[in-house]
Amino acid sequence: MFNQSSKMDLFQDKNASSFQVNDSGQSYSDEPLATRMRPQSLEEFAGQEHLVGEGKMLQRMIESGIIGSLIFYGPSSSGKTTLAHVISKEIKASFKVINAVLDGIKELRTVVEQAEKLKKLNGRKTILFVDEIHRWNKAQQDALLPHLESGIITLVGATTENPFYSLVNPLLSRCQLFELFPLTVPDVRRMLNRALADEERGLGNKDIQADKEALDHLADYAGGDVRNALNALEVAVLSSKKNEQGEIHITKEIAEESIQRRNVRYDRTGDEHYHYASAFIKSLRGSDTDAALYWMNAMLEGGDDPNFIFRRLLIFASEDVGMAEPNAITIVNSCQEAFMKTGMPEGMYFLSHACTYLSICPKSNSTKGIFEASKEVREKGVGAVPPYLKDRTANRLSSKYLDTENASKDYKYPHSFEGNWVDQEYLPEILNGKKFYEPGKEGREGLLIKRLNEIKKRSQSS
């Protein structure tokens, strides 16, 4: 549950010695390097230049000391929590933390009570940081509103989800939204250099010689995650013995051992999942095989289920390839069946087979005609079946017992005509001439439509 003191241990005063003792009795030197090196000022903060760079809006707000409620949204480890804490330090506000996964309205009330007392005591502002704010339901989000309007607290919410989908409109209307992006390799490299130089909180009190190639590898493989890079650097330092000169020498080989797998920034349930899937499908639609293979592998590296990818490929085979290559759906389905029989890593061949095939196939989206027909039926209802299209047996019995002419006699049997086609209206009379299907001109569909048009032309001219 909510525990302010334990969370605040992450954010110590920037002038504090790394050998100070915190409230729990633990030496700061015992904390992980990534925790000790968390930026304590805007000067130390790396990345997000579009927000905190010289002259940018957030930087101007911080300098003015006038901060309204904010929502930070972006991927994990992009600096949302750190930036919120830096803001509170810069404007000398009290910083309170609530985790929306563990805490709720009860903890919010506690923070509000503390904020009211602090404001009455010395006029000091309180910044409430709500991590993963998208996890709160509507009632919990609404509970914030009166406190934001009264000015008792200033909210900084953090979310990895799209706030326009995950947050309620009243909350959005009271906050300014700022999008954070993954840190770049230079950003991560800057933090590694700072950790090596900092004698109080970092590794500057040790005699370390780190090769450029080693630091480049750590920064690159961290995938924009500073915590990952600093943890790997710390592992490299602690696991290496001093050489004859008394130095700890970090080579590229040691760096490779410390961070063996590239970190792929990907959330299988968040926005990134849908962004990658969208880029994948749009690359297939654009017949760019290289891009399609790239985004497919990005999803696989991020842990996506290959069967999810096959489902998307099956949909694409009908939606975007469709009648231009009717066999596409059969081929993709066969690839999925083969994948299920073999599994990974050999299954990569079947994923590649389906992906490559669909990307180079002719394209047609004419199968969307089903939605046009569906719209017509939903909005206007179903028209009467033309008498000559009704069931022949029913027409015969109706004619017999009602003593009327058999309507089926007006039906023209296509197989009795040249090319197995005859000019005849099949839609309800009120929809005569209505078109739902717009044929494509590519691939197999183009050939089939050309053949049909030629038969119609011959039939109508005879």
Item to check | 5 angstrom amide H check on VAL97, placed H, neighbours 5+ away | outcome: PHE129
Checklist entry - Check THR184: other-chain or 5+ apart residues with amide H under 5 Å from its amide H, H built from backbone geometry? => result none
Item to check | Per-peptide average of other Cβ atoms within 10 Å, ordering 59-66, 167-174 highest first | outcome: 167-174, 59-66
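Can you tell me the relative contact order of region 39-179? Whole percent, Cα pairs under 8 Å, sequence separation 6 or more. Please report the intermediate quantities before stating the final value.
On the way: 208 pairs, mean separation 44.6, N = 141.
About 32 percent, as a whole number.
Within 13 Å, Cβ to Cβ, of LEU70, how many net charges do the neighbouring residues add up to if Lys/Arg are +1 and Asp/Glu are -1?
Values: positive: LYS80, ARG174; negative: GLU179.
Once positives and negatives cancel, what remains is +1.
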Checklist entry - So what J values fall out for region 280-291 if you push phi through Karplus, 6.51 cos²θ - 1.76 cosθ + 1.60 with θ = phi - 60°, rounded to Hz, Gly and Pro as x? => result 4, 5, 5, 5, 4, 4, x, 6, 9, 4, 4, 5
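For region 185-258, calculate the relative contact order in percent as a whole number, restricting contacts to Cα pairs under 8 Å that are 6 or more residues apart.
On the way: 95 pairs, mean separation 26.5, N = 74.
Relative CO of region 185-258 lands at 36 percent.
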Checklist entry - Once a ≥ b ≥ c are taken as the square roots of the eigenvalues of the Cα gyration tensor of region 408-462, is the result rounded (a/c under 1.5), prolate (a/b larger than b/c) or oblate (a/b not larger than b/c)? => result oblate
Item to check | Percent of Cα-Cα distances greater than 22 Å, calculated over region 271-360 | outcome: 17 percent
Checklist entry - Cβ under 14 Å from SER352's Cβ, SER352 left aside: what net charge do those residues give with Lys, Arg +1 and Asp, Glu -1? => result -2
Next on the checklist: What distance in nm separates the two pseudo spin-label positions at ALA139 and PHE181, each 7 Å out from Cα along the beta-carbon direction?
Outcome noted: 4.1 nm
Item to check | Three-way shape label, region 39-179, alpha-carbon gyration tensor, a/c 1.5 | outcome: oblate
Next on the checklist: Can you list residues from other chains, or at least 5 along the same chain, whose modelled amide H is less than 5 Å from the amide H of ALA210?
Outcome noted: ILE250
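Among HIS85, HIS415, rank each residue by its count of other Cβ atoms within 10 Å, from fewest to most, as a rough exposure measure. Walk me through the numbers before you get to the answer.
On the way: HIS85 23, HIS415 7.
Ordered by Cβ neighbours within 10 Å, fewest first: HIS415, HIS85.
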Next on the checklist: Rounding to the nearest 10 and keeping the result within 0 to 90°, find how far the Cα-based axis of helix 348-360 lies from the longest principal axis of the chain.
Outcome noted: 60 degrees
Item to check | Viscosity 1.306 mPa s, temperature 10 °C, Stokes-Einstein D of region 88-242 from Kirkwood C-alpha radius, µm²/s | outcome: 86 µm²/s
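Relative contact order for the chain: what percent, with Cα pairs under 8 Å and sequence separation of 6 or more? If you can, show how the numbers build up before the last one.
Values: 656 pairs, mean separation 49.2, N = 462.
So the answer I get is 11 percent.
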Item to check | Value of [θ]222 nm, deg cm²/dmol, for the chain, DSSP H segments ≥ 4, -39500 (n - 2.57) each, nearest 500 | outcome: -14000 deg cm²/dmol
Next on the checklist: Could you list TYR411, TYR274 so that the one with the fewest beta carbons within 10 Å of its beta carbon is first and the one with the most is last?
Outcome noted: TYR274, TYR411
Item to check | Convex hull volume of region 277-435 per residue (C-alpha atoms, cubic angstrom) | outcome: 182 Å³
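Just add up the charged neighbours of ILE248: K/R +1, D/E -1, any other residue whose Cβ is under 10 Å from the Cβ of ILE248. Write down the numbers at each step before the final one.
On the way: positive: LYS206, LYS241, LYS242; negative: ASP207, GLU247.
In short, +1.
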Item to check | Overall form of region 185-258 per C-alpha gyration tensor (a/c, 1.5; a/b vs b/c) | outcome: oblate
Checklist entry - Hey, got a sec? Which GluC sites (Glu not before Pro) in region 391-462 land in a DSSP loop and have at most 12 other Cβ atoms within 10 Å? => result GLU405, GLU425
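A short reminder: the numbers here are calculations on the coordinates, not readings from a lab. Nothing here was measured: the structure is a model prediction, and the numbers come from that model. Don't worry about glycine lacking a Cβ; one is built from the backbone with ideal geometry, like all the others, and counts go over all protein chains shown.
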